[in-house]
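Enquirer: Handing you this structure, nothing more for now.
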Amino acid sequence: MTRLTAADFDPELLKLFDGYVHGRVSRRDFLSRAGRYAAGGTTAATLLAQLSPSFAAPLVAPADARLKTSRVDFPSPQGYGKVHGYLAEPANAKGKLPTILVVHENRGLNPHIEDITRRVALEGYVAFAPDALYPLGGYPGDEDKARELFPKLDQTKTRADCLAAAHALAALPQGTGKVGVVGFCYGGGIANYLATQLPDLAAAVPFYGMQPPAADVARIRAPLLIHDAGKDERILGGWPAYEAALKANHVDYQHFVYPGVEHGFNNDTTPRYDEAAAKLAWGRTMAFFKARLG
């Protein structure tokens, strides 16, 4: 079966789907409005199913013998009490390794982000992905249910949990003390946020994430590698102010915009995935972490 890509869908439908993914459009409204893009016997429900993630083929299998994986908890006194998540590390590491925090999109710790965490670990890092939805029962195994749960989180506590996770990684006995962060969509915004909060953060890589307030940029000490999609009007709209603040505060940053691709282009479980852009961005990310974390 041929894999569907963004080019198989009307651009306006993709914008509508982005609104649905980010909570600006309800499921009912999406289905009502998507009908105009259905053709040849396709229904609005079929279009939604086609655009939604499929977790059938992870790049790195959960039982990959090269890795050790586990579910772990870290204390978070200022957050929800504890941070629960997925830890992956090389099975036969010789010596201590740098650590990387992997922050998910706005659906919690789903199979795709677990796969990303394993990919990071295979590059020679201890990688940890927290599940922001854990206080609400954890990732529910259904993307729609996860999306409905996400707005119920107290973001002050959730952000405190992410800070606690970064501090915990810095103190891991098998870690070098160096911590980097990579985040996607919501997690990209968290990566930007952590850069404003952690003066010892070694590196931050936001993929198409919301920018922090310009007033907070003066606190950034970590080098940034920022990936954005060329067709992502929502995120790119905030870039000029962020760039001006980064330059004004002499922050070490690189910004790459991938022409012609959609928000979410790195997520290989959906049609918005763009293989060329994703591979380029991933290669740049791993080279950046290697240079900054070792």
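The values are calculated or read from the model by the stated rules, or taken from the named source; none is laboratory data. Keep in mind that what you see is a predicted model, and the values were worked out from it rather than measured. Note that we place each Cβ from the backbone using ideal geometry, even for glycine, and neighbour counts take in every protein chain shown.
Enquirer: Among the residues in region 223-231, are any in the same structural domain as Y125 (by TED's automatic domain parsing), within 21 Å of G19 (Cβ to Cβ) and either part of a loop (DSSP other than H, G, I, E, B) or more than 15 Å from the chain's Cα centre (by Cα) (or both)? Explain how you work it out, then say what you get.
Expert: So the first thing to find is which residues in region 223-231 are in the same structural domain as Y125 (by TED's automatic domain parsing), and the list is 223-231.
Applying the additional criterion that residues be within 21 Å of G19 (Cβ to Cβ) yields 228-231.
Of the ones still in play, those that are also either part of a loop (DSSP other than H, G, I, E, B) or more than 15 Å from the chain's Cα centre (by Cα) (or both) are 230-231.
Looking through region 223-231, at least one residue is in the same structural domain as Y125 (by TED's automatic domain parsing), within 21 Å of G19 (Cβ to Cβ) and either part of a loop (DSSP other than H, G, I, E, B) or more than 15 Å from the chain's Cα centre (by Cα) (or both).
Enquirer: A follow-up question, please. What tally of residues in region 12-59 results from selecting those that are surrounded by fewer than 19 Cβ atoms within 10 Å (Cβ to Cβ), without any contact (Cβ under 8 Å) to a residue 40 or more places away in the chain, out of contact with any Leu (no Cβ under 7 Å at 6 or more places or on another chain) and assigned to a helix (DSSP H, G or I)?
Expert: 10
Enquirer: Could you grab me the full set of residues in region 147-158 that are under 20 Å from L101 (Cβ atoms), in a helix (DSSP H, G or I) and either acidic (D, E) or free of Cβ contacts under 8 Å to residues at least 40 places away in the same chain (or both)?
Expert: Hits for region 147-158 are Q155, T156.
Enquirer: Something else: Could you list all residues from region 60-101 that are surrounded by 20 or more Cβ atoms within 10 Å (Cβ to Cβ) and aromatic (F, W, Y)?
Expert: F74, Y86
Enquirer: Does region 182-195 contain any residue that is part of a loop (DSSP other than H, G, I, E, B), at pLDDT 95 or above and under 30 Å from L31 (Cβ atoms)?
Expert: Of the residues in region 182-195, the ones part of a loop (DSSP other than H, G, I, E, B) are 185.
Now restrict to residues that are at pLDDT 95 or above: 185.
Then keep just the ones that are under 30 Å from L31 (Cβ atoms); that gives 185.
Taking every residue of region 182-195 in turn, at least one turns out to be part of a loop (DSSP other than H, G, I, E, B), at pLDDT 95 or above and under 30 Å from L31 (Cβ atoms).
Enquirer: Being in contact with a Lys or Arg (Cβ under 7 Å, 6 or more places away or on another chain) and either among the aliphatic types (A, V, I, L, M) or farther than 30 Å from E89 by Cβ (or both) is the filter here; which residues of region 29-77 pass it?
Expert: L59, V60, L67
Enquirer: Kindly list, by first and then second residue, each pair from a residue in region 270-294 that is among the basic types (K, R) to a residue that is surrounded by fewer than 17 Cβ atoms within 10 Å (Cβ to Cβ), limited to pairs with Cβ atoms under 7 Å and residues at least 6 apart or on different chains.
Expert: Within 7 Å, the pairs are R284/F256.
Enquirer: Return only the number of the condition from (1) in contact with a Phe, Trp or Tyr (Cβ under 9 Å, 6 or more places away or on another chain); (2) more than 15 Å from T99 (Cα to Cα); (3) of a type outside the set (S, T, N, Q); (4) buried (at least 19 other Cβ atoms within 10 Å of the Cβ) that L172 does not satisfy.
Expert: Here L172 meets the rest and fails (2).
Enquirer: Need pairs with beta-carbon distance below 7 Å; first residue without any contact (Cβ under 8 Å) to a residue 60 or more places away in the chain and within region 208-226, second assigned to a loop (DSSP other than H, G, I, E, B) and β-branched (V, I, T); sequence gap 6+ or separate chains.
Expert: V217/V251; I220/V251; L224/V251
Enquirer: Among the residues in region 275-292, are any in contact with a Phe, Trp or Tyr (Cβ under 7 Å, 6 or more places away or on another chain), farther than 20 Å from V102 by Cα and at pLDDT 95 or above?
Expert: No, because not a single residue in region 275-292 is in contact with a Phe, Trp or Tyr (Cβ under 7 Å, 6 or more places away or on another chain), farther than 20 Å from V102 by Cα and at pLDDT 95 or above.
Enquirer: Yes or no: I100 assigned to a helix (DSSP H, G or I), within 21 Å of G188 (Cβ to Cβ) and either assigned by TED's automatic domain parsing to the domain that holds A195 or touching a helix residue (DSSP H, G or I) at 6+ places or on another chain (Cβ under 8 Å) (or both)?
Expert: Values: assigned to a helix (DSSP H, G or I): no; within 21 Å of G188 (Cβ to Cβ): yes; either assigned by TED's automatic domain parsing to the domain that holds A195 or touching a helix residue (DSSP H, G or I) at 6+ places or on another chain (Cβ under 8 Å) (or both): yes.
So I100 does not fit the description; no.
Enquirer: Let me ask something additional. Just give me the residues in region 119-142 being surrounded by fewer than 24 Cβ atoms within 10 Å (Cβ to Cβ) and either outside the structural domain of Q155 (by TED's automatic domain parsing) or in a helix (DSSP H, G or I) (or both), in sequence order.
Expert: R119, L122, Y134, P135, L136
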